Amino acid sequence: MNQRAIGYGLALAAGMAYGLNAVLIRQTVSAFGAPLVGSSIALAMGVVSLGLLAWITRGGVSEGKRLPRRAIVFLLISGLGSAIGVGSNFVALSLAPVVVVSPITATNPLITILLSRLFLQRSERVNLRVVLGGCLVVGGIGVITLSR
Amino acid sequence: MLGVVAALCAALGWGASAILARLGLDGVSPALGTLISLVSSFAVTLVVALIVQPEGFAQLSVSTVLWFALIGLVNFPIGRQLNFQAIKRIGPARAAPLFGTSTLFAMLIAVLFTDEEVTVPLVAGSLMVVTGIILVVREQK
C-alpha cells in the first residue's frame, strides 16, 4: 500500500478521532462550565502520555537531542496556533450562537489550502480539484451544522 | 461582530497550525512533533485558563478530571498524531479537508448512540462531504 493511500487513511482516521472527541466534549463540557480548564487537563494528559511513550521507546529522547532548531520553532508555533484556535472558538461561542460560529470555524480547511498555495508551493501542489473538494467538504459541514 | 471576528481567528489559528506543522515535520517524526506542539498548546491554554477561568480549577471533581483525561487521550496521542502522520505523507492541503469530516463523524456517532435523528440536511451535507473527499483523494498526479 503506497504512502499516499496510507496518508488519506490516516487523515480519515484523525477525522474519526476528532469526531468521537467532539461527542465526548459535548457531553462533558455541558455539565462543567469552564471549557478552558477542561482543555488544560486534556492537553496535560496528552503531554504526559506522549512524553511517557517517547521515554519508553527511547526513540523520542534520542531524536529530541538532534532536532533542528527551525523544526522546534515551527512546531511550537503550530501548537500556539492550535491553542489560539481553541481559545478563539471558546470566545466566539460565548459571544455568538453556534449556527453563526460553527460554519465560520469549519472553513479552516480552505484557509489551510490557501496558505499551502502561498507558502508550500515547492512541496505541495494545490490544484482546482483539491480546492473544489475542500469547498464541498466545508459546504457539507455548513449544511449539517446549520440544520441543527 | 466580535463573535464573528473570534470565529475567524479560530479558523485562521487551526488553518495556520497545519501549515506550520508541515514546515516543522521535515526531518522530525510525527510522534515527537506532536509532543512538541502539545507542550506549546498546553502552556498557552493553561495560562489563559488561569487568567480567564481561575474558579474553574476549584470546581473540578475526580470524575470530571477523568473525563477530560479521556478526551485528552483520544484527541492528542491518537487524533493529533494521526493528523501529523497524515500531513507528513500527503501535505496539509489534502489532509485538512479530510480532518473536516470530524463533524460528519460526530453527527453519525450522535445518530447511532444518542437521540439525534437522520434528517434531509444531514444526508445532503454528508453527501457533499463525501463527494469533496473523493475529489481530493482521487485527483490525478
Kyte-Doolittle mean at least -0.5 and Cα axial length at least 20 Å: DSSP H helices in chain A
A:3-29, A:35-57, A:69-95, A:128-146
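Quote to one decimal, in nm, the extra length available between residue B:114 and residue B:134 on full extension: 0.36 nm per residue of separation minus the C-alpha distance between them. Can you show the working numbers first?
Details: separation 20, 0.36 × 20 = 7.20 nm, distance 2.85 nm.
So the extension gain works out to 4.3 nm.
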Sorted by Cβ neighbour density within 10 Å, fewest at the top, the residues B:98, A:80, B:60
B:60, A:80, B:98
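Checking a compactness column here: for region A:1-143, what do you get for Rg(Cα) / (2.2 N^0.38 Å), N being the number of residues?
Numbers: Rg = 17.9 Å, N = 143, 2.2 N^0.38 = 14.5 Å.
The reported ratio for this selection is 1.24.
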Label-point separation (nm) for residue A:73 and residue A:117, each offset 7 Å from Cα along Cα-to-Cβ?
2.8 nm
Contour excess over end-to-end distance, with Cα ends at residue B:123 and residue B:47 and 0.36 nm allotted per residue:
23.3 nm
Compute the distance from the alpha-carbon center of region A:27-52 to that of region B:63-141, in whole Å.
20 Å
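In chain B, which helices (entire DSSP H runs) extend 30 Å or more along their own long axis, judged by Cα positions, while averaging at least 0.5 on the Kyte-Doolittle scale? It would help to have the intermediate numbers written out before the result.
Values: long enough: B:2-24 (32 Å, 1.70); B:30-52 (32 Å, 2.23).
Taking the DSSP H segments of chain B (at least 30 Å long, mean hydropathy at least 0.5), we get B:2-24, B:30-52.
Using R₀ = 25 Å, calculate the FRET efficiency as 1/(1 + (r/R₀)^6) where r is the Cβ-Cβ separation of residue B:57 and residue A:31; round to 0.05.
Once rounded, the FRET efficiency stands at 0.95.
Just so you know, all these numbers are worked out from the coordinates, no wet-lab data involved. Please read all numbers here as calculations on a predicted model, not as lab measurements. Heads up, the Cβs are rebuilt from the backbone with ideal geometry, glycines too, and the neighbour counts pull from every protein chain shown.
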